[in-house]
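Right, one structure below, let's go through it.
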Amino acid sequence: MTAAPAAKQEAATHYQRGISLYKDANYPAALTEFKAAYDAVPSWEVLFNLGLCQRRLFQYGAAIRSFDRYLAEGGAKVPKDRRTAVADELRQIRELTSTVAIIVKGGPAKVLVDGELAGTTPLSELLLLGPGKHVVRAERDGCSPDEKIIEVVSGVAQALELDPRSLTAPGRVSIDCTPAGALVAIDGAAGVACPTELDLAPGSHELVVEAAGHATQRTEVLVQPAQPRSVRIALAPVVTSKPFPVLGVTLLGGGAVVGGVGALFAGLAGGAANDVTALSRTGGTWDAKAAATQAAGQRNNVLGWTLIGVGSAAAAAGLVALLVDVSKPVQVTVVPSTSGVFVCGSF
């Protein structure tokens, strides 16, 4: 089918622009112009120029396809020198490149190499990549893309496996605890004994871990689609204690001592009273000594009973303080721990 004059003119314009850009080493722009020329008029001659640009842009697989089509479609019309040039280009490409087999798990997925679309799986042929590092990415609708960096060495073939994961697939979470046997409650559900393994939906989940004699631990775990995760939680032990009842013991002991001293003085007062009574019964002479004994007894009596009253009051207050201390709640002290919550996973 003969191309229209306008299409031929458009193709010629793009072709000449491509030649100029190629001479200036602006290979991306030259490739764009040569593609536009081929789209306007699909001529086998342009395939040679496409192959040259692709070769310089390290698009080795595309360059080989362009050169192969150039030879196949041109057939006998391809000049000898061009055949020699194509053979030389293909030789250089094969010396520089390595084949990479791309395996993508699951259904069809787009494969991108260094941001450029290489095709949709299953790929019809191996990728040809030049030496160096390349980013290979597999994308599938409804899945999180899988991306890996590979390093290619000339002449060394390799294979790469990619696995885009479903955005709704659960992730398996392995939970280990210290102490063993602690109860793990997830998102408010009933607790299960640790260690345990659970399949959790993608997203954030709250873990509450409890064990007798240990401080309760709460933590958030983020689960990625179809990604395994392990969580290790170490609970800090707690120590229960009650403070020594200093006030109660002091008042009670002090009251007993003061009351004992008061009882001593009261005893002395009783002894003086007995002496005065005996003197009166025997009809002895009441003199200054007897008067002094009586006065001393009265003083001791007042002091003794005062001390007994004070001691009794102090002892009663001490007993009340002890009862108050007994009713106080137990103090809980968390023992510092060098370990805590550790979360890891494979990505």
remark   = In the stretch 60-73, residues that are among the basic types (Lys, Arg) and buried (at least 17 other Cβ atoms within 10 Å of the Cβ) total 1
ask   = Name the pairs: first residue in the stretch 5-27 and under 14 Å from Ala40 (Cα atoms), second residue surrounded by fewer than 17 Cβ atoms within 10 Å (Cβ to Cβ) and aliphatic (A, V, I, L, M), Cβ to Cβ under 7 Å, at least 6 apart or on different chains?
value = none
task = Name the strands (runs of 3 or more DSSP E) wholly inside the stretch 92-144 in which the number of residues that are free of Cβ contacts under 8 Å to residues at least 40 places away in the same chain and not β-branched (Val, Ile, Thr) is 2 or more.
result = 110-113, 116-120, 132-139
task = May I ask you to list the residues in the stretch 149-172 that are assigned to a strand (DSSP E or B), of a type outside the set (A, V, I, L, M, F, W, C) and surrounded by 13 or more Cβ atoms within 10 Å (Cβ to Cβ)?
result = Gln158, Arg165, Ser166, Gly171, Arg172
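Restricting to the stretch 5-26, give me the number of residues that are assigned to a helix (DSSP H, G or I) and either surrounded by fewer than 19 Cβ atoms within 10 Å (Cβ to Cβ) or touching a His at 6+ places or on another chain (Cβ under 9 Å) (or both).
The total comes to 13.
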request  = Could you look through the stretch 177-227, keep only residues that are in a loop (DSSP other than H, G, I, E, B) and without any contact (Cβ under 8 Å) to a residue 12 or more places away in the chain, and pick out the one that is farthest from Ser166 (Cα to Cα)?
outcome  = Ala212
Flag for Ala76 being at pLDDT 95 or above and either surrounded by fewer than 19 Cβ atoms within 10 Å (Cβ to Cβ) or assigned to a helix (DSSP H, G or I) (or both) = no
query = Across the stretch 122-145, which residue is modelled with the highest pLDDT among those that are surrounded by 14 or more Cβ atoms within 10 Å (Cβ to Cβ) and of a type in the set (Lys, Arg)?
reply = Arg137
key: Qualifying positions in the stretch 211-229 - out of contact with any Pro (no Cβ under 9 Å at 6 or more places or on another chain) and buried (at least 16 other Cβ atoms within 10 Å of the Cβ)   = Gln217, Val221, Arg229
remark   = For Val257, the lone unmet condition from (1) free of Cβ contacts under 8 Å to residues at least 60 places away in the same chain; (2) farther than 28 Å from Val324 by Cα; (3) surrounded by fewer than 19 Cβ atoms within 10 Å (Cβ to Cβ) is (2)
message = I'm told Asn49 meets every condition in (1) out of contact with any strand residue (DSSP E or B) (no Cβ under 9 Å at 6 or more places or on another chain); (2) closer than 24 Å to Glu139 by Cα except one. Can you identify the failing condition by its number?
response = (2)
ask   = Quick check: is even one residue across the stretch 261-280 part of a strand (DSSP E or B), among the β-branched types (Val, Ile, Thr) and exposed (fewer than 13 other Cβ atoms within 10 Å of the Cβ)?
value = no
Pair list, Cβ < 8 Å and 6+ apart or interchain, from the stretch 315-332 residues that are under 24 Å from Val238 (Cα atoms) to residues that are at pLDDT 80 or above and outside any helix (DSSP H, G or I) = Val332/Val238
key: Qualifying residue in the stretch 212-224 (condition: in contact with a Gly (Cβ under 8 Å, 6 or more places away or on another chain), among the charged types (D, E, K, R) and modelled with pLDDT of 85 or more)   = no
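The values are calculated or read from the model by the stated rules, or taken from the named source; none is laboratory data. This structure is a prediction, so every number in the text was calculated from the model and none was measured. Don't worry about glycine lacking a Cβ; one is built from the backbone with ideal geometry, like all the others, and counts go over all protein chains shown.
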